[in-house]
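Working notes, beginning with the structure itself.
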Amino acid sequence: LTDMSKSFKLSFSLQAKMSRPVQARRLEGIDKNIWVEFVKLAATYSKVNLGQGFPDFPAPDFLTEAFTRALGGGNHMLHQYTRAFGHPPLVKVLAQFFEKLLGRDLDPMTNVMVTVGAYQALFCCFQALVDEGDEVIIIEPFFDCYEPMVKMAGGTPVFVPLRPNPPKDGKLMSSADWQLDPAELASKFSERTKAIVLNSPNNPLGKVFSRGELGLIAELCVKHDVLCISDEVYEWLVYDGKQHIRIASLQGMWDRTVIVGSAGKTFSATGWKVGWVVGPNRLLQHLRTVHQNSVYHCATIAQEAVAQGFQRELMLYGKPESYFVQLPRELQQKRDWLVQSLDGVGMKPIVPEGTYFLVADISQFKSDVPDVPNSDEPYDYRFAKWMVKNKGLAAIPLSAFYSEAHKNNYTNFIRFCFAKEEATLKAANDILQKWKQEKTSS
Ligand code: PMP
């Protein structure tokens, strides 16, 4: 090659390089994140933050004491790496616990894996189980990260909505009034479907799927050979004597289900970021491949403390002293309190059967926050931003939990988190009451 043609070749390839995007194409359209945006708004403007889902009350003493013991207790090896797929005491006790819940024998080394929160557990599930061209069914409204995670794995999300059926007797709506249309659900399953994501109790509605609803999903999974990624991070937060039913315990489902959980939600310690996956080895072996090539180890001391928390809970299982019995009892009171407060000012709440979230209808407050016609921003985003800036109260717009195509059908609701101290809930009530008075007197 002559010098001239060499330099021509070089500049041609440089040009081609410069015109290609710096980011991977699979990130296209998934750069926005509701939490990044609203956490910043809440930090800047809120006096009362009922936005992001975390408790503002302390984690239980037995748990924080276990952490302190692990930190200073003389076992210096707890400051080093532990087993990559989960600290042995934690996977052992999780296996024992889930044996009880699922009524089947579990191997701690192959049926349980510890992750950095439920987020990483979900990421492992999608990366390990979803291939290019696969479809994944997501039930709307949904915890927002499912959609970008499916896309990052090369899959295509297929959405099916929970449809609201308002009660006719003037009663408050319940999360149970939001239901799947069985024919519509069935129509989403095809030979391309690889998995369905189930989140019961559901964030944001608080819906706890009934045995009948789970049976329908299970039947379709078995019929079409589809996997189930079952996000059960709120499994202990169920109210009014309702029962959380694990889809993995239904006929034909164990072999095709991965259960995702989180100590953050279970023990009110979201900052510890200890999560897990429980499931059959035929699925978990592939999650381990993703984990060992990305995160590999999770924080040892946090796992040790969570293991001790579970040992305590195993001993007290079902007893009144159990944290898993006490926490939902306390949260149910908080739910009732916020329901009353919102109902009292006309921001109609949808009473949740589970989780620590509550969705409320903002229709009666719309006159205070003008809509902007032809705006790209859904109305509830505008409303939630206005509310935090002008009233100091932070909440999350419901349409953030919908796909782009369906966002505009659900712009009259916002989500509140009620895992808060009484004083915080009272401060929220004060803001709402004052706002209502200003509305009626103007
Ligand atoms: N799944 C759902 C339904 C959630 O609400 C959350 C947290 N808000 C997560 C997963 C992530 O949990 P973690 O903090 O343990 O990563």
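Structural remarks
- Calculated [θ] (222 nm, deg cm²/dmol) that DSSP helices of n ≥ 4 give over the chain, each run adding -39,500 (n - 2.57): -13500 deg cm²/dmol
- Tensor-based shape of the range 167-279 (alpha-carbon gyration tensor, a/c under 1.5 rounded, otherwise prolate or oblate): oblate
- Rounded percent of accessible protein surface that carbon and sulfur make up, the range 61-316, 1.4 Å probe: 50 percent
- Simple point charges give the picture: +1 on the Cβ of Lys and Arg, -1 on the Cβ of Asp and Glu, and for the range 61-316 a dipole about the Cα centre of about 380 debye.
- The fraction of Cα-Cα pairs per 10 angstrom bin, counted from 0 for the range 61-316, comes to 7, 31, 35, 19, 7, 1, 0 percent, rounded to whole percents.
- Heavy-atom surface of the range 4-71, accessible at 1.4 Å and reported per residue (Å²): 76 Å²
- Shape of the range 16-90 from the C-alpha gyration tensor: oblate (a/c of 1.5 or more and a/b not above b/c, with a ≥ b ≥ c the square roots of its eigenvalues).
- Cα gyration tensor shape of the chain, rounded if a/c is under 1.5, else prolate or oblate by comparing a/b with b/c: rounded
- Only Cα pairs under 8 Å and 6+ residues apart enter the sum, and on that basis the relative contact order of the chain stands at 22 percent.
- Rolling a 1.4 Å probe over the heavy atoms of the protein chains gives the range 213-312 an accessible area of 34 Å² per residue.
- Taking a straight line from the alpha carbon of residue 426, these aspartates and glutamates sit under 16 Å away, with near neighbours fewer than eight places off in the same chain left out: 56, 330, 336, 343.
- Relative contact order of the range 351-416, defined on C-alpha pairs under 8 angstrom at six or more residues apart (%): 40 percent
- Cross-link partners of residue 100 among lysines (Cα-Cα below 23 Å; sequence separation of 8 or more within a chain): 92, 242, 265, 319
- Lysines with Cα under 18 Å of residue 188, excluding same-chain neighbours fewer than 8 positions away: 151, 223
The values are calculated or read from the model by the stated rules, or taken from the named source; none is laboratory data. Small disclaimer: the values here were computed from a predicted structure and weren't measured. Cβ coordinates were reconstructed from backbone atoms using ideal geometry, including for glycine residues, and neighbour counts include every protein chain displayed. Only protein heavy atoms, including side chains, enter the accessible area calculation; ligands, DNA and RNA are left aside. Shrake-Rupley method; radii C 1.70, N 1.55, O 1.52, S 1.80 Å.
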